[in-house]
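> The structure under discussion is supplied below as structure tokens; questions concerning it will follow.
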Ligand code: MN
């Protein structure tokens with residue numbers, strides 16, 4: 001058993017001009033593929049761990065043997081986060097949240113605009129490498145959180161419904177050090193259909 005890199009759900013240039021094709025190609029074929037390869041290498045000799053569903057592997061890394069714990073946290077987290085990230089984007093540019101998501105955002109943040117402001121502020125101020133997330137909390141509220149490096153919200157019991165990679169490798173070719181410009185552009189490619197499906201699955205669990 002080994003973890004595998006699923007195909008990107010669209011072409012490298014599908015998110016142009018917001019996210020450029022070269023960035024997408026490098027991000028997927030070098031960074032994401034690298035996490036998968038290193039995860040599999042680390043789990044050689046641990047067939048029971050390598051057979052776990054990815055989500056279970058990542059959310060239980062803290063109880064694993066010390067020799068694989070860091071690799072599962074970083075490489076497994078990288079695999080989970082990037083798989084989640086690709087499917088959070090799509091080509092219906094400039095969409096806005098559907099009724100159910102819009103309603104939940106208004107309920108928990110006051111308005112869609114207030115949610116976006118909080119998300120932008122937190123994503124912009126992640127120090128170094130990490131992620132910004134919109135999550136359903138264990139108390140079934142919505143929260144914007146950030147994680148460092150490749151840490152995942154699921155390891156802390158939070159269920160992400162939207163996530164943004166703010167590592168420099170995600171934007172430096174096109175935006176250089178202008179992370180806020182990348183964040184602004186990224187809203188155009190958010191796949192609200194998927195966000196809605198994720199929210200619905202969690203609220204009917
Ligand atoms: Mn990345």
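The values are calculated or read from the model by the stated rules, or taken from the named source; none is laboratory data. Not measured: the values here are computed from a predicted model. Positions of Cβ are generated from backbone atoms using ideal geometry, with glycine treated the same way; all protein chains shown enter the neighbour counts.
> Of everything in the stretch 133-145, what is crowded, with 21+ Cβ neighbours inside 10 Å and touching a residue at least 40 places away in the same chain (Cβ under 8 Å)? Give them in sequence order.
First pass over the stretch 133-145, keeping only residues crowded, with 21+ Cβ neighbours inside 10 Å: 133-136.
Residues satisfying the conditions are 134, 136.
> Taking the stretch 187-198 as the search range and keeping residues that are touching a strand residue (DSSP E or B) at 6+ places or on another chain (Cβ under 6 Å) and closer than 17 Å to residue 116 by Cα, which one is farthest from the ligand (Cβ to nearest atom)? Break it down stepwise before answering.
Taking the stretch 187-198 first, the residues touching a strand residue (DSSP E or B) at 6+ places or on another chain (Cβ under 6 Å) are 189, 191, 195, 198.
From what is left, the residues that are closer than 17 Å to residue 116 by Cα are 189, 191, 195.
Working: 189: 15, 191: 17, 195: 19 Å.
So, considering only residues that are touching a strand residue (DSSP E or B) at 6+ places or on another chain (Cβ under 6 Å) and closer than 17 Å to residue 116 by Cα, the one farthest from the ligand (Cβ to nearest atom) is 195.
> Could you check the stretch 193-205 and list, in sequence order, the residues that are surrounded by fewer than 18 Cβ atoms within 10 Å (Cβ to Cβ) and in contact (Cβ under 8 Å) with a residue 60 or more places away in the chain?
To start, the set of residues in the stretch 193-205 that are surrounded by fewer than 18 Cβ atoms within 10 Å (Cβ to Cβ) comprises 193-194, 197, 200-205.
If the condition is that a residue be surrounded by fewer than 18 Cβ atoms within 10 Å (Cβ to Cβ) and in contact (Cβ under 8 Å) with a residue 60 or more places away in the chain, then 193, 194, 200, 202, 203 are the ones that fit.
> Of all residues in the stretch 43-57, count the ones that are in contact with a helix residue (DSSP H, G or I) (Cβ under 8 Å, 6 or more places away or on another chain) and closer than 17 Å to residue 84 by Cβ.
Matching residues across the stretch 43-57 total 3.
> Hey, can you tell me all the residues within the stretch 153-186 that are away from the ligand (no atom under 13 Å from the Cβ), touching a helix residue (DSSP H, G or I) at 6+ places or on another chain (Cβ under 7 Å) and either within 18 Å of residue 87 (Cβ to Cβ) or not in a helix (DSSP H, G or I) (or both)?
154, 159, 160, 161, 162, listed by residue number.
> Another question about this same structure. Suppose we filter 88, 96, 111 for residues that are touching a strand residue (DSSP E or B) at 6+ places or on another chain (Cβ under 6 Å) and either surrounded by 19 or more Cβ atoms within 10 Å (Cβ to Cβ) or within 29 Å of residue 181 (Cα to Cα) (or both); which single one remains? Before you say what the answer is, go through the steps one by one.
Values: 96 fails: touching a strand residue (DSSP E or B) at 6+ places or on another chain (Cβ under 6 Å); 111 fails: touching a strand residue (DSSP E or B) at 6+ places or on another chain (Cβ under 6 Å).
Testing whether each residue is touching a strand residue (DSSP E or B) at 6+ places or on another chain (Cβ under 6 Å) and either surrounded by 19 or more Cβ atoms within 10 Å (Cβ to Cβ) or within 29 Å of residue 181 (Cα to Cα) (or both) leaves just 88.
> Are there helices (runs of 4 or more DSSP H) fully within the stretch 30-88 with at least 1 residues that are modelled with pLDDT of 95 or more and away from the ligand (no atom under 16 Å from the Cβ)? List them. Outline the logic, then answer.
Working: elements: 33-42, 47-50, 54-59, 66-71, 77-87.
Ranges flagged: 33-42, 47-50, 54-59, 66-71.
> Among the candidates 148, 170, which residue alone is touching a residue at least 12 places away in the same chain (Cβ under 8 Å), buried (at least 17 other Cβ atoms within 10 Å of the Cβ) and in contact with a strand residue (DSSP E or B) (Cβ under 9 Å, 6 or more places away or on another chain)?
Numbers: 148 fails: buried (at least 17 other Cβ atoms within 10 Å of the Cβ).
None of the other options fit; the residue is 170.
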